[in-house]
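Student: Questions regarding the structure given below will be posed in turn.
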Amino acid sequence: MTLDWDAFKTWSILVVEDEPDNAELIVGTVQFYGATVKSAEHGADALEILKEFTPTLILADLSMPKMDGWIMRARLKDDPRTAHIPVVAISAHAMEGDKEKALSAGFDGYLSKPINIISFVRDLRAAMEEKAALIRPQETGRS
Amino acid sequence: MNRLDIRRWPLAAKFTLSITLMVTLAVATVTLLSLQRERDTFRSELRQQAQLALELIEEVSANPLYRLDADTLQEVVEELDESDMLLGGYIYDADGRLVADSTATQELVFQIDPDPYGQRLVASDEREYDWLPDRLRAGQAVVLGRQRIGAIAVELSTAPLDSKIADVRNEGLEAAAITIIAGIMLALLLSRSITTPIKELARATERIAAGDMTQKATVAMLRPGLRSGPALNGKAAPSTNEIGQLAMAFNEMADAIQKRETALREQAETLRVANARAEEAARIKSEFLANVSHELRTPLNVILGFSDMMLLGIDGALNEKQHHKVERLRENGARLLVLINDILDLSRLEAKRVELVNKPFAPRALADRLATQATVLAAQKQLEFKQTIAPDLPTTLIGDEKRVEQIALNLLSNAAKFTETGSITLEMGAKADDHSWQIRVTDTGVGIPPHALDLIFEEFRQVDGSPTRAYMGTGLGLAIARNFARLMGGNITVESELHAGSAFTVTLPLVLEEAKLPEAT
């Protein structure tokens, strides 16, 4: 998975967030940086939308009703049509170990709330590169 | 070491040995004394017999001796031979010559040479007794009127004496043997009666030492009165001797120990329960704080996010007054977030739930990020920001970069907060000989009075009270920073001069990447 960060404007992003204010904030931020955005209220909603829409990236809350972020991440991995789409967790669970738990559960990055609008793209990129750095040593180890 | 060292012998052996020695000594003394006595009695009897014999010979030999009638004299001595105790009789003339000898097998040839013994007898005024190896020789002068006309002597066998003494000696030896054996047995019994309870006490002590309190009562010897005296009112009468007293004292001690042990155990259990409760309370508090902070962050996220959007003019430009108000909204929201984060950090530190994520990082990249933020902080108050990186600072270190950054940022924002004019300086360097590296933040601010230098690291403290109005903040920052520094094996120290400025130094252990990853080279 390689993302062209300079072309963030051309990206399409699915925001999965149950809390309306936070959803509006994240959607607004992504729109501010010029990307196309769709939003889903929970995991099940997201799976429905993804049947007709293939985004560049998914930003998902972890605790949501009906289907939470963890289950959604697993479902997406199981489906070959969605397995390749990177999913970054956005959570207010700022306790130690939450990030590690999310990264080892297959999320491609972890952002903690509150998100910073001014540094949003930079933070997002850093979060994904951190996860990528975790994978790389294992890959070299295998070869 | 030396097995012959009597001091190392068991008590029973010592006791037995000493009793045996005493008994042997006593028996030997008694035997010797009785032997002595027997011999003395026998000797005086023998002397009496010799005396009788001599008196008889004197009576019958005076005339023949006077006439020097050797034949008659010979008859006299030969007649003596009838007694088996009498070994011989002898008669000497006035010159000491032997004139009659009962032991002579042939006719006595007249002796010309005087016998020295005969001469001695003739010259003697008293009876002479000589104890020879197997006989008693007794002799005396024969006096007629005033004239010494000769001497007579008899020899009596001491063989009966010897056999009698031998008998006495043998009897004594037998008695001694029996007495010694009896003595040894007595000694063994006695020593056992002392050492057995002592051994039992020793064993019971060992069991008690091993923590077995229940075994105490089963020690037979320790049951008072078991071996001494009849039961008293259905209860065992306590032994009155020293061992019995020792046993009772021991039992009392064991009871006391058991009571104390039980008390201690109860106390420990109470403490354990209290401790568990305290830990549970701390855990609940920590979880509560974590949950509360989560619930606080979510709306704050929205407040800060929409403030930022409005400030960025996403939905249209704000006029100056609107912009100012939203800015205040944003800034106060940010302060609230810092406060929440501080409380969360502190509760984690208190609950010891902080785990350090130690990874290799580049201290110069960290310094760059800190400089960017410090420049902003300094610019807000028209302060100068200076940065120095010592060339000896390694390019890669191992540690929890996020926490280090948090500490440094805290010090930098404090420096900016308490400085009105002048500058803020960030210095970084290493002390290889101390295996440490330092982050030093210096300002030209208000400074800290000497009495407050320690207080500033305490929670909810600022120098002029808690929390102050003059300077915003919770007063948690330094406490958290120092807690984190110490958690990493380092510390934070402060030097300050009032109205001149302060210098905070963070010292952290220097862990080089090469040291941790030797196979990487």
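The values are calculated or read from the model by the stated rules, or taken from the named source; none is laboratory data. What you are looking at is a predicted structure, and each value in this text was computed from that prediction instead of being measured. Quick reminder, even Gly has a Cβ in these numbers, built from the backbone with ideal geometry, and neighbours come from all protein chains shown.
Student: Go through (1) among the hydrophobic types (A, V, I, L, M, F, W, C); (2) modelled with pLDDT of 80 or more; (3) surrounded by 14 or more Cβ atoms within 10 Å (Cβ to Cβ) for residue B:463 and report which single condition fails.
Tutor: (2)
Student: Right, next: Restricting attention to region A:64-82, report how many residues are in a loop (DSSP other than H, G, I, E, B) and touching a helix residue (DSSP H, G or I) at 6+ places or on another chain (Cβ under 7 Å).
Tutor: 5
Student: Kindly state which strands (runs of 3 or more DSSP E) lie completely within region B:341-430 and contain at least 1 residues that are among the charged types (D, E, K, R).
Tutor: Passing ranges, in order: B:359-361, B:384-389.
Student: For residue A:70, all conditions in the list (1) within 25 Å of residue A:5 (Cα to Cα); (2) more than 14 Å from chain B (Cβ to nearest Cβ) hold save one; what is the number of the exception?
Tutor: It fails just one condition, (1).
Student: Here's another thing I want to ask about it. Just name the residue that is surrounded by the most Cβ atoms within 10 Å (Cβ to Cβ) out of those in region A:102-132 that are within 13 Å of chain B (Cβ to nearest Cβ) and more than 27 Å from residue B:311 (Cβ to Cβ).
Tutor: Among those residues, the one meeting the criterion is A:103.
Student: Taking the condition of being more than 10 Å from chain A (Cβ to nearest Cβ) and under 24 Å from residue A:18 (Cβ atoms), how many residues in region B:332-344 meet it?
Tutor: 1
Student: Cβ-Cβ distance below 9 Å, separation of 6 or more or different chains: which pairs start in region A:3-23 with a residue that is within 14 Å of another protein chain (Cβ to nearest Cβ) and closer than 20 Å to residue A:50 by Cα and end on one that is polar (S, T, N, Q) and in a loop (DSSP other than H, G, I, E, B)?
Tutor: A:18/A:63
Student: For the structure I just gave you, tell me whether residue A:34 is within 14 Å of another protein chain (Cβ to nearest Cβ), in contact with a helix residue (DSSP H, G or I) (Cβ under 8 Å, 6 or more places away or on another chain), assigned to a helix (DSSP H, G or I) and among the small types (Gly, Ala, Ser).
Tutor: Considered against the rule, which asks whether it is within 14 Å of another protein chain (Cβ to nearest Cβ), in contact with a helix residue (DSSP H, G or I) (Cβ under 8 Å, 6 or more places away or on another chain), assigned to a helix (DSSP H, G or I) and among the small types (Gly, Ala, Ser), residue A:34 comes out as no.
Student: Determine the pairs where a residue that is more than 13 Å from residue B:476 (Cα to Cα), located within region B:407-420, has a partner that is surrounded by fewer than 22 Cβ atoms within 10 Å (Cβ to Cβ) and of a type in the set (Phe, Trp, Tyr) with Cβ atoms under 8 Å apart, the partner being 6 or more residues away or on another chain.
Tutor: Sorted first by the residue in region B:407-420, then by its partner, the pairs are B:417/B:471; B:418/B:471.
Student: Could you list, in sequence order, the residues of region B:286-344 that are touching a His at 6+ places or on another chain (Cβ under 8 Å) and free of Cβ contacts under 8 Å to residues at least 12 places away in the same chain?
Tutor: Listed by number, the list holds a single entry, B:294.
Student: Output the residue which, of all residues in region B:285-302 that are closer than 13 Å to residue A:21 by Cα and hydrophobic (A, V, I, L, M, F, W, C), is nearest to the chain's Cα centre (by Cα).
Tutor: B:300
Student: Looking at region B:290-331, which of the residues that are more than 10 Å from chain A (Cβ to nearest Cβ) and under 21 Å from residue A:111 (Cα atoms) is surrounded by the most Cβ atoms within 10 Å (Cβ to Cβ)?
Tutor: Ranking the candidates gives B:330 first.
Student: Scan A:56, A:82 and give me the residue that is of a type in the set (Ser, Thr, Tyr), crowded, with 19+ Cβ neighbours inside 10 Å and away from chain B (no Cβ under 12 Å).
Tutor: A:82
Student: I need the full set of residues from region B:128-163 which are of a type outside the set (A, V, I, L, M), outside any strand (DSSP E or B) and crowded, with 16+ Cβ neighbours inside 10 Å, in order please.
Tutor: Within region B:128-163, just B:158 meets the criteria.
Student: Considering region B:27-48 alone, what residues qualify as being touching a residue at least 60 places away in the same chain (Cβ under 8 Å) and either within 46 Å of the chain's Cα centre (by Cα) or closer than 13 Å to residue B:179 by Cβ (or both)?
Tutor: B:27, B:28, B:30, B:31 - these are the residues of region B:27-48 that are touching a residue at least 60 places away in the same chain (Cβ under 8 Å) and either within 46 Å of the chain's Cα centre (by Cα) or closer than 13 Å to residue B:179 by Cβ (or both).
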